[in-house]
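> Just dropping this structure here.
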Amino acid sequence: MDAPAGDKAIRELLESSKVIAVVGLSSKRYRPSFGVSQYMQSAGYRILPVNPNEEQVLGERAFASLDEIPEDAHVDIVDIFRRPEEVPEAVEGAIRIGARAVWMQEGVVNEAAAARARGAGLLVVMDRCILKEHLRLLRR
């Protein structure tokens, strides 16, 4: 198993990224995906919702899959709010669209998908909350 992404790599990723595609983003305000994405949007990131059951979330058009996101959107991070068994599909999508990183939220662990993403050159952050890491590393 590869070493997990360290603070330096995560800080550099968060500082250099502009667009986050959030797989599993819900318009339901009580869902963690909504609160986390709302925070990241308020911190200056463009949030692209990826959820076939949504039309629009946080003022952005929702996409049924990562593959539907236009190339000119230049997704930096694919943030995954899905069950671990659904992560491989999101990782393959992240690779196809040329994302720089995949981020699996707290409680989401899939070692095989992480290895696949790393093998394709993507930074992998697993079982961590992007909001908490942003606060910890950039909002001191």
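> With respect to GLU106, determine if the residue is more than 16 Å from SER17 (Cβ to Cβ), in contact with a Lys or Arg (Cβ under 9 Å, 6 or more places away or on another chain), free of Cβ contacts under 8 Å to residues at least 12 places away in the same chain and not hydroxyl-bearing (Ser, Thr, Tyr). Quick ask: steps written out before the conclusion?
Details: more than 16 Å from SER17 (Cβ to Cβ): yes; in contact with a Lys or Arg (Cβ under 9 Å, 6 or more places away or on another chain): yes; free of Cβ contacts under 8 Å to residues at least 12 places away in the same chain: no; not hydroxyl-bearing (Ser, Thr, Tyr): yes.
So GLU106 fails the test.
> Then there's this: Just one of ALA94, ALA114, ALA120 is crowded, with 18+ Cβ neighbours inside 10 Å and farther than 20 Å from ILE47 by Cα; which is it?
The unique qualifying residue is ALA114.
> Quick one: would you say VAL124 is closer than 17 Å to ASP76 by Cα, of a type in the set (A, V, I, L, M) and under 13 Å from the mean Cα position of the chain (by Cα)?
yes
> Based on this model, can you work out whether PRO70 counts as free of Cβ contacts under 8 Å to residues at least 12 places away in the same chain and over 13 Å from HIS134 (Cβ atoms)?
It is true that PRO70 is free of Cβ contacts under 8 Å to residues at least 12 places away in the same chain and over 13 Å from HIS134 (Cβ atoms).
> Give me the residue from the stretch 1-26 that is in contact with a helix residue (DSSP H, G or I) (Cβ under 7 Å, 6 or more places away or on another chain) and part of a loop (DSSP other than H, G, I, E, B) and, out of that set, modelled with the lowest pLDDT.
MET1
> Same structure again: PHE34 passes all but one of (1) at pLDDT 95 or above; (2) under 23 Å from VAL124 (Cβ atoms); (3) of a type in the set (A, V, I, L, M, F, W, C); which number fails?
Against the list (1) at pLDDT 95 or above; (2) under 23 Å from VAL124 (Cβ atoms); (3) of a type in the set (A, V, I, L, M, F, W, C), PHE34 comes up short only on (2).
> Any residue that is touching a strand residue (DSSP E or B) at 6+ places or on another chain (Cβ under 8 Å), surrounded by 20 or more Cβ atoms within 10 Å (Cβ to Cβ) and part of a helix (DSSP H, G or I) - is there at least one of those in the stretch 44-65?
No, every residue in the stretch 44-65 fails to be touching a strand residue (DSSP E or B) at 6+ places or on another chain (Cβ under 8 Å), surrounded by 20 or more Cβ atoms within 10 Å (Cβ to Cβ) and part of a helix (DSSP H, G or I).
> To continue, here is another question. Here are VAL78, VAL109: which of them is surrounded by 14 or more Cβ atoms within 10 Å (Cβ to Cβ), β-branched (Val, Ile, Thr) and at negative phi?
Within the list VAL78, VAL109, the selection yields VAL78.
The values are calculated or read from the model by the stated rules, or taken from the named source; none is laboratory data. Bear in mind the structure is a predicted one, so any value in this text is a computation, not a measurement. Backbone-built Cβ (ideal geometry, glycine too); neighbour counts: all protein chains shown.
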